[in-house]
Amino acid sequence: MRHDYFADGSARHLVFRPHADTSAFLRRFAMLVHADGCSLSISVPDSLLQGIWSERMDEGKPRTLRLDIHSTDADCAYYTGAVNAQPATEGNGIQPPPLLPVPPAPMAPLATIALPLNGTGGDDFAAWKAALGTPYQLRMQSRSTIWKYLLLGDWRGRALSIIDQRGEVTFTAPAQERLPNGQSALAVHSTAPIALQERPAQRFQLRDVTDVTERVLIPRLPGAAPQRLWRETVHGESTAVSEIFVHG
């Protein structure tokens with residue numbers, strides 16, 4: 001399991017919950033499920049392979065092992081985007097796992113995988129046995145949000161601007177906004193969504209552009225945190241927005 005939110009690219013805090021029929025099948029053949037929060041493996045004694053092969057069909061259809069993927073991290077739903085069909089394998093033998101649709105619901109899994117029991121699709125027991133151990137890899141993407149900086153404090157007499165040192169991201173001009181507590185702030189939005197990351201790599205600066213010679217007020221602004229995720233209407237559409245408070 002991979003997740004590009006994390007700096008090392010490895011997913012974390014995941015649990016795999018087999019569907020009832022899959023759970024019963026695993027128990028019937030004493031299959032062992034090993035999971036460590038970022039990977040899952042299923043093993044079985046050689047002596048039971050012939051019996052498993054005999055049940056490769058389930059009510060006339062190829063049997064699949066269906067498992068829901070959840071996270072024990074309460075913030076996971078904030079920093080994880082929708083899990084969609086995976087790109088094809090590129091020569092390393094690792095396959096993308098087949099995915100089943102996940103109906104929207106408060107406790108819905110991040111994804112549901114359906115691993116084919118017979119990955120060869122044929123009727124040759126020896127070929128199936130030789131092909132066992134095929135690795136699968138699921139890639140989860142970070143959620144992308146509009147980053148909204150809320151500049152608190154007395155900024156009178158200054159023309160402020162947020163600048164991306166890499167020149168990849170642009171921001172709107174500061175606009176007055178009244179916060180729910182009655183406090184006034186200057187709100188600045190990114191003009192395009194930015195991926196959330198465990199360790200944001202962006203280098204955004206707050207500058208005073210009142211004069212021709214710009215002054216750097218904050219050399220590196222903080223990145224967005226998953227917990228500060230809200231819905232806001234941007235250009236007439238409901239949009240995921242990450243609020244970032246900056247005190248002047």
Regarding Thr112, is this residue more than 19 Å from the chain's Cα centre (by Cα), closer than 21 Å to Thr134 by Cβ and open to solvent by less than 40 Å² (accessible area, probe 1.4 Å)?
no
Is there a residue being farther than 16 Å from Met1 by Cα, surrounded by fewer than 13 Cβ atoms within 10 Å (Cβ to Cβ) and hydroxyl-bearing (Ser, Thr, Tyr) anywhere in the stretch 47-64?
yes
Condition first: modelled with pLDDT under 95, part of a loop (DSSP other than H, G, I, E, B), aliphatic (A, V, I, L, M) and more than 30 Å from the chain's Cα centre (by Cα). Can you find one or more residues in the stretch 129-145 that meet it?
no
Here the qualifying pairs (Cβ atoms under 7 Å; residues six or more apart or on different chains; first in the stretch 115-133 and of a type in the set (D, E, K, R); second surrounded by 15 or more Cβ atoms within 10 Å (Cβ to Cβ) and assigned to a helix (DSSP H, G or I)) come out as Lys129/Leu49
When you look at Leu26, is it surrounded by 15 or more Cβ atoms within 10 Å (Cβ to Cβ), more than 18 Å from Ala111 (Cβ to Cβ), at pLDDT 95 or above and in contact with a strand residue (DSSP E or B) (Cβ under 7 Å, 6 or more places away or on another chain), yes or no?
yes
Name the residues in the stretch 134-174 that are free of Cβ contacts under 8 Å to residues at least 40 places away in the same chain, open to solvent by less than 70 Å² (accessible area, probe 1.4 Å) and either more than 17 Å from His247 (Cα to Cα) or of a type in the set (A, V, I, L, M, F, W, C) (or both), would you?
Gly167, Val169, Phe171, Thr172
Any chance Asp36 is more than 18 Å from Lys129 (Cβ to Cβ), within 16 Å of the chain's Cα centre (by Cα) and of a type in the set (D, E, K, R):
no
Of the residues in the stretch 20-47, those that are farther than 26 Å from Tyr79 by Cβ and either among the charged types (D, E, K, R) or assigned to a loop (DSSP other than H, G, I, E, B) (or both) number 9
Got a sec? Which of Val83, Val15 is assigned to a loop (DSSP other than H, G, I, E, B) and either more than 19 Å from Ala130 (Cα to Cα) or open to solvent by 80 Å² or more (accessible area, probe 1.4 Å) (or both)?
Val83
In the stretch 227-242, what residues are in contact with a strand residue (DSSP E or B) (Cβ under 8 Å, 6 or more places away or on another chain) and farther than 21 Å from Glu168 by Cβ?
Arg228, Leu229, Trp230, Arg231, Glu232, Thr233, Ser238
Can you say whether Pro103 is part of a loop (DSSP other than H, G, I, E, B) and open to solvent by less than 60 Å² (accessible area, probe 1.4 Å), as far as the supplied structure shows?
no
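The values are calculated or read from the model by the stated rules, or taken from the named source; none is laboratory data. The model shown is predicted, which means the values in this text are computed figures rather than measured ones. Cβ: placed from backbone, ideal geometry, glycine included. Neighbour counts: every protein chain shown. To get the accessible areas, we keep the full protein, side chains included, count just its heavy atoms, and leave off ligands, DNA and RNA. Shrake-Rupley method; radii C 1.70, N 1.55, O 1.52, S 1.80 Å.
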